[in-house]
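Enquirer: Below are the C-alpha cells for one structure; questions will follow.
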Amino acid sequence: MLQDAATVEGGVTEKVIKFYEERAEAVGLIIVECTYVTLTGQQTKRQLGIYDDSLVPGLKELVKRIQPFNTRIVIQLNHAGIKTDPKLGIEKVAPSAMEGARELTVQEIEVLTFAFSRAAERAANAGFDGVEIHGAHGYLLNRFVSSISNLRTDEYGGSLENRMRFPLEVVREIRRRIGSKLLLYRLGSVDLQMMGIQIEDSQQFAKALVQAGVDILDVSGGLCGSAPASLEGTEGYFVPQALAIKQVVDVPVIGVGGVKTPQYANQVIQEDKVDFIAVGRVLQNDPYWAIKAVKSLKAG
C-alpha cells in the first residue's frame, strides 16, 4: 500500500515510520510498502526506495522502531514497469513493446536481476526479517509471466517456462544474497482474461517459485490488478486462488482481497483455505484494526 510519504529521493521519513509504528502492535507480520529497486522502476514521486546504499540508514531506523513490538517485518521490492507515473519522465519498459513501453533487452534483464538482488541485500543489511518480491498487479515481473503482455520470441518469451524465467532468476539471486531470511513472492495468480494467466499456470509457477527458494506465497491478481471491479464487494475475493495454490505447494500461503472483518479472516484460516490473511485498505484506514480484531475474536 503506497503511502507516498518518503523523501523525493525515496528516503524514510518520520511519517513513514509512524505509519508502521501505529499498526505494529497486534499484527504478526508487516509487509512494508512497495519500494523501487532501481530508478527506472519508480512508480510515484514520493515512493519509498531501496535502490541505493544511502537509503539503508533510514530503513534501519524503521526496523529499529518496529522491533520493540516483536513483530516480523519484511519489505516489498518492485519495478513498476509501464506503471511508472508519466510526470516522473521515466522511460517505460516492458517485456514487449506495447502501451508506450520499450522492450527490454536480455542484457537489461540481467541488470535488473542484479538490481533486485542488491536491493534485497540492502534490506538484509537494514535488519529486515526478509523481503517480498512483487510479481503481481501488472508490474514488470508480472508482465513477463502473462502471455498477454509478453510477446517475446527469445528465451524470456513464448512458453510458460520461458515467461517464468526472469522472475525465477530474480528469486534465485535474492535467495543467494539473503541466506536464510524470509523470501515471499506476491503472485499474480489470474489475469481474469481469456488469453491471460489462468490458475493452472500459476499452480505450475508456484511450484517453480518454491523450488527456487520462496518461503511464502502471497496470492493476488495479475494484470487485473489488486481490486478488479468484477470481484470487488466480495470479502476475500482472491482466497479461492490462494486455496488452489495451497493445494500444490508445501509452503504457507497468504490470502488477500478486500478483507474487512476479523471473523471472515479467522474463518478461512480455521477452514484451512489459507495460512495467513493480509489486510491492506482497512488497516491503512484504521491503524487499530488489528488490535480491535484480536479483542473481537477473543470476546466471540
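Enquirer: Note down the nm distance, to one decimal, between modelled labels 7 Å out along Cα→Cβ at Gln193 and at Arg281.
Expert: 2.2 nm
Enquirer: Which one, Leu283, Met164, Phe238, is farthest towards the positive end of the dipole of the chain when Lys and Arg carry +1 and Asp and Glu -1 on their Cβ?
Expert: Among Leu283, Met164, Phe238, the one farthest towards the positive end of the dipole of the chain is Leu283.
Enquirer: Give me, ordered by chain and number, the residues 5 or more places off Glu132 or on other chains with an amide H under 5 Å from its own placed amide H.
Expert: Ile75, Gln76, Leu77, Leu184
Enquirer: Among Tyr156, Tyr139, which comes first, then next, by fewest other beta-carbon atoms within 10 Å?
Expert: Tyr156, Tyr139
Enquirer: List Ile197, Ile50, Ile90 from most exposed to least, where exposure is judged by having the fewest other Cβ atoms within 10 Å.
Expert: Going from least to most buried by this count: Ile90, Ile197, Ile50.
Enquirer: In nm, what is the difference between 0.36 nm times the number of residues separating Ser230 and Arg172 and their Cα-Cα distance?
Expert: Extending this stretch completely gives an extra 17.4 nm.
Enquirer: Longer than 30 Å from Cα to Cα, which of Lys45/Lys273; Lys15/Lys260; Lys15/Lys246; Lys15/Lys295; Lys181/Lys246 are they? Say none if no pair is.
Expert: Correct reply: Lys45/Lys273; Lys15/Lys246.
No value in this document is a laboratory result; all are computed from the given coordinates. Treat the numbers as computed from the prediction; the structure is a model and nothing was measured. Don't worry about glycine lacking a Cβ; one is built from the backbone with ideal geometry, like all the others, and counts go over all protein chains shown.
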